[in-house]
Amino acid sequence: MPAIRLVLVVAIAIALSACSTIAGMVINLGDGEANWIVVEGAKREGAQFTFSEVHIDGNGWLVMHPFEDGKPNGDIYVGVTYVTDGDNRNVQITVDSEPAKGDMFIVMLHRDVNENQEFDFVFVDAVNVLDKAVFEGRTMIAHAIPAP
């Protein structure tokens, strides 16, 4: 019986350590203190979306990624527009094709890392592109939104 108890204790310890590792990799979507996208009240005319306010700490990009099969696809983007350091009002971004009302997108910020005002969507590793996504801590400055 003590051997079974030892095996059970070791199995629980391994499971708990795996859970904390997984929990440590959790990324939240939302706004930060220095970077945000106001998605409430976003408007759309045809394929063009308008966001009342986008704030970015440094120059960068407002980017839209599509959902495919019910999941966001961050490997491609369907719209991008340049935003300058600080407050940007009535930011317009056009997606590749006119969506239906309710079609889902991820709208997010990417930093213009090399400050060349060209969106460098070139993967530098398995998950990051050259113009990296903007994070504050574990929060990626991004929102899942339905097309209005």
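The number of residues in the range 103-148 that are among the aliphatic types (A, V, I, L, M), free of Cβ contacts under 8 Å to residues at least 40 places away in the same chain and over 15 Å from residue 77 (Cα atoms) comes to 3.
Can you tell me how many residues in the range 45-57 are buried (at least 16 other Cβ atoms within 10 Å of the Cβ) and out of contact with any Gly (no Cβ under 9 Å at 6 or more places or on another chain)? It would help to see each step written out before you state the result.
Going through the range 45-57, the residues buried (at least 16 other Cβ atoms within 10 Å of the Cβ) turn out to be 49, 51, 54-57.
From what is left, the residues that are out of contact with any Gly (no Cβ under 9 Å at 6 or more places or on another chain) are 54.
Counting residues in the range 45-57 that are buried (at least 16 other Cβ atoms within 10 Å of the Cβ) and out of contact with any Gly (no Cβ under 9 Å at 6 or more places or on another chain) gives 1.
When the range 71-93 is examined, which residues are found to be aliphatic (A, V, I, L, M) and assigned to a loop (DSSP other than H, G, I, E, B)?
Start the filter on the range 71-93 by keeping residues that are aliphatic (A, V, I, L, M), which leaves 76, 78, 80, 83, 91, 93.
Correct list: 76, 78.
Of the strands (runs of 3 or more DSSP E) that lie entirely inside the range 1-70, those containing 3 or more residues that are at pLDDT 95 or above and not small (Gly, Ala, Ser) span 36-38, 43-45, 48-56, 60-68.
The values are calculated or read from the model by the stated rules, or taken from the named source; none is laboratory data. Not measured: the values here are computed from a predicted model. Cβ: placed from backbone, ideal geometry, glycine included. Neighbour counts: every protein chain shown.
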